[in-house]
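Accompanying notes for the structure given below.
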Amino acid sequence: EVQLLESGGGLALPGGSLRLSCEASGFSFGKVAMAWVRQAPGQGLEYVAGISGSGGSTDYADSVKGRFIISRDNSNTTLFLQMRGLRGDDAATYYCAKRVGGWRHLDCWGQGIKVAVSS
Amino acid sequence: IQMTQSPSSLSASVGDKVTITCRASERVSTYLNWYQQKPGKAPKLLIYFSDKLDNGVPSRFRGSGSGTDFTLTIMSLQPEDFATYYCQQTYTAPDTFGQGTKLEMK
């Protein structure tokens, strides 16, 4: 059974940093692209970032480019999202998701982790 | 690529047939996916590549379209279908989602 478990959320100061983790199990992690998607309170889904199975290719939404870094540790089957320069509009529930190759849809999602940004 | 869903909200009754549309600002071939989300839960994949049902998704859900115009149709609404639905294009990185369509019980 595929499982994705996010951690590392919480409260950060404006301009501060947080590092989210997503521990994966139940599939060949190193062969699968992954992504982070967020949802601000009461709002819709927003793609944040994606990474290839090897980690050699990444992409970002314009809203986070230059501030967030997606990475992965295939030996420990863990996905990361390093967030710096946090702003109020980064407050959201962050989901990690497993991407299916080829058609690229997100077929499995974690339960989500909340990030709050406030002074 | 901008994704625009319509309507933003929809009221319907059990047994109704409902249709949600999604329009892309550029052609996305058939790299168009649909997700269902219930309050407090993670999104769930329903349909990928425009018309392919994910495993376990009831056949009353149907997707269609190519290029810029897509539809999600629920043939006979069931009580568990009242939720918010999102389209997503994965043709060009970064992915983009529609703003969502909230399906409410009439």
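What follows draws every value from the coordinates through simple rules; no lab data is involved. None of the values given here were measured: they were computed from a predicted structure. Every residue, glycine among them, receives a Cβ derived from its backbone with ideal geometry; neighbour counts consider all protein chains shown.
Worth a mention:
- Distance between the 7 Å Cα→Cβ label points at A:GLN111 and B:SER11: 3.5 nm.
- D_trans [Stokes-Einstein, Kirkwood Rh over alpha-carbon pairs] for segment B:19-106, 10 °C, 1.306 mPa s, µm² s⁻¹: 122 µm²/s
- Each of A:TRP109, A:GLY15, A:GLY53 was scored by the projection of its Cα onto the charge dipole of chain A, and the greatest displacement toward the positive side belongs to A:GLY15; charges sit on the C-beta of Lys, Arg, Asp and Glu.
- Three-way shape call for segment B:3-47 based on the alpha-carbon gyration tensor, with the a/c threshold at 1.5: oblate
- Whole-number percent relative contact order across segment A:1-53, with pairs defined as alpha carbons under 8 Å at least 6 apart: 30 percent
- Inter-chain Cβ neighbour average for residues A:97-109, partner chain, 10 Å: 6
- Additional length obtainable on full extension of the chain from A:ASN76 to A:SER57, 0.36 nm per residue less Cα span: 5.0 nm
- Mean projected area of the convex hull spanned by the Cα atoms of chain A, taken over all viewing directions: 6.9 nm².
- Dividing the C-alpha radius of gyration of the protein assembly as shown by 2.2 N^0.38 Å, with N its residue count, gives 1.00.
- A crude spin-label estimate for the pair A:GLU1 and B:ARG27, with each label 7 Å from Cα along the Cβ direction, gives 4.4 nm.
- Order of A:MET83, B:MET105 - criterion: other Cβ atoms within 10 Å of each residue's Cβ, fewest first: B:MET105, A:MET83
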